Amino acid sequence: MDRYDVVIVGAGTAGLTAAIYVQRANRSALVLEAKSYGGQIINTPDIENYPGIKHVSGFDFSTTLYEQATELGAKVTYAEVTGVDDEGSRKVVHTADGTAYEAGAVIIATGARNRPLGIAREQELVGRGVSYCATCDGMFFRGKDVAVNGGGNTAVEDAAYLAGVCNKVYLIHRRDQFRADAADVERLRGMDNVEFVLNATVTAIEGDEFVTGVQVTDKTDGSTRTLPVSALFVAIGQVPDNVAFRGVVDLDEKGYVVAGEDCLTRTPGVFAAGDCRTKGVRQLATAAGDGAVAASAAVAYLR
Ligand code: NAP
């Protein structure tokens, strides 16, 4: 069984930052990633709020972070982690392909995945007009009318991006107040081809083989109408996926790993960093901060 000082689960911003700190402390880091490096931010077209960088795409940011970690000697392996055994100073990390890794400490940095709307036809129309990634799929709808659902930074950024690609963008949000940064909402309001559909929920997706429309229900009077769109971009937040770690950490009622700003979990030597843990502010900067905190704590634990 291969052994590393620290096994990090997740190659997003928190996980790759942790890998940099572990390697720079002269310890070995293995990053296990189920999908692809970068995490959620890789699909963000333009990051404007990371300190010290005025503008960078999520792809460029993640790729630089990945190169920084691997050039320092961190190993990144693509495998889905299915569980962690705690044997005191020895942890065993199991993966879906049957390979297990031995570690002195483990950092869980699994982030979160897109929350589905949970309405009829949503899953069967994924790839046929339903999408969770505007920068991945927006080009398929060049010149067409599309809808974005959500009121957070992702939805507002997606709508702005799509406004530059598509003919018209409807931004559907269940309230009239936004979680997204006010400056971004104002910028979106100034775009001619964006229509805000507020206090409204998506209640049906129409179309046989491909999306042809989205039914919205007005929350104030219960009326419904169909927006004639070719795509629905769902951007209603994330849900964590930490079930595999239940044996070594506590999860809160939403499934986040219970850990404070010190990134400590209930198991000595197991740490949680980034969006996967209980926290108030889930941002790129706080994910990076968590990676540094968790790695420093892991290195101290190994001593
Ligand atoms: P978010 O901030 O959690 O916002 C989710 C939005 O979806 C909210 O407006 C919410 O409405 C709505 N929503 C949730 N469940 C819904 C449902 N079942 N039906 C309809 N609407 C629903 O999610 P996010 O925009 O993906 O952002 C996640 C985190 O990443 C945030 O901390 C965000 O700031 C951060 N982020 C940062 C950047 C950046 O800094 N450049 C970019 C993207 C994301 P309510 O408001 O009514 O709850």
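Here's a check for you: in region 38-57, which residue that is part of a loop (DSSP other than H, G, I, E, B) and open to solvent by less than 40 Å² (accessible area, probe 1.4 Å) is modelled with the lowest pLDDT?
Taking region 38-57 first, the residues part of a loop (DSSP other than H, G, I, E, B) are 38, 44-46, 48-49, 51-52, 54-55, 57.
Next cut, open to solvent by less than 40 Å² (accessible area, probe 1.4 Å) only: 38, 44, 57.
Values: 38: 96, 44: 83, 57: 94.
Step by step, filter region 38-57, then rank; the result is 44.
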Qualifying positions in region 122-159 - within 16 Å of the ligand (Cβ to nearest atom) and in contact with an Asp or Glu (Cβ under 7 Å, 6 or more places away or on another chain): 130, 131, 134, 148, 153, 156, 157
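Could you please let me know if residue 70 is of a type in the set (Val, Ile, Thr) and within 13 Å of the ligand (Cβ to nearest atom)? Working first, answer last.
Values: of a type in the set (Val, Ile, Thr): yes; within 13 Å of the ligand (Cβ to nearest atom): no.
Spelling it out, it is not the case that residue 70 is of a type in the set (Val, Ile, Thr) and within 13 Å of the ligand (Cβ to nearest atom).
Do we have residue 257 as away from the ligand (no atom under 16 Å from the Cβ), of a type in the set (Val, Ile, Thr) and in contact with a helix residue (DSSP H, G or I) (Cβ under 8 Å, 6 or more places away or on another chain) here? Spell out how you get there, then give the answer.
Details: away from the ligand (no atom under 16 Å from the Cβ): yes; of a type in the set (Val, Ile, Thr): yes; in contact with a helix residue (DSSP H, G or I) (Cβ under 8 Å, 6 or more places away or on another chain): yes.
Yes, satisfied.
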Filter pass, residue 26 being exposed (fewer than 14 other Cβ atoms within 10 Å of the Cβ) and more than 25 Å from residue 155 (Cα to Cα): yes
Any hit, region 241-253, residues being surrounded by fewer than 19 Cβ atoms within 10 Å (Cβ to Cβ), modelled with pLDDT under 95 and within 16 Å of the ligand (Cβ to nearest atom): yes
Elements of type strands (runs of 3 or more DSSP E) in region 58-153, at least 2 residues being open to solvent by less than 10 Å² (accessible area, probe 1.4 Å) and assigned by TED's automatic domain parsing to the domain that holds residue 282: 90-95, 100-108
Residue satisfying all of: in region 171-201; more than 18 Å from residue 117 (Cβ to Cβ), open to solvent by 30 Å² or more (accessible area, probe 1.4 Å) and touching a strand residue (DSSP E or B) at 6+ places or on another chain (Cβ under 9 Å); farthest from the ligand (Cβ to nearest atom) among these: 193
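The values are calculated or read from the model by the stated rules, or taken from the named source; none is laboratory data. Being a predicted model, the structure only gives us computed values, none of them experimental. Cβ atoms come from the backbone with ideal geometry, glycine included; neighbour counts cover every protein chain shown. The protein model used for the area step is the full one, side chains on, heavy atoms only, and it has no ligands, DNA or RNA in it. Shrake-Rupley method; radii C 1.70, N 1.55, O 1.52, S 1.80 Å.
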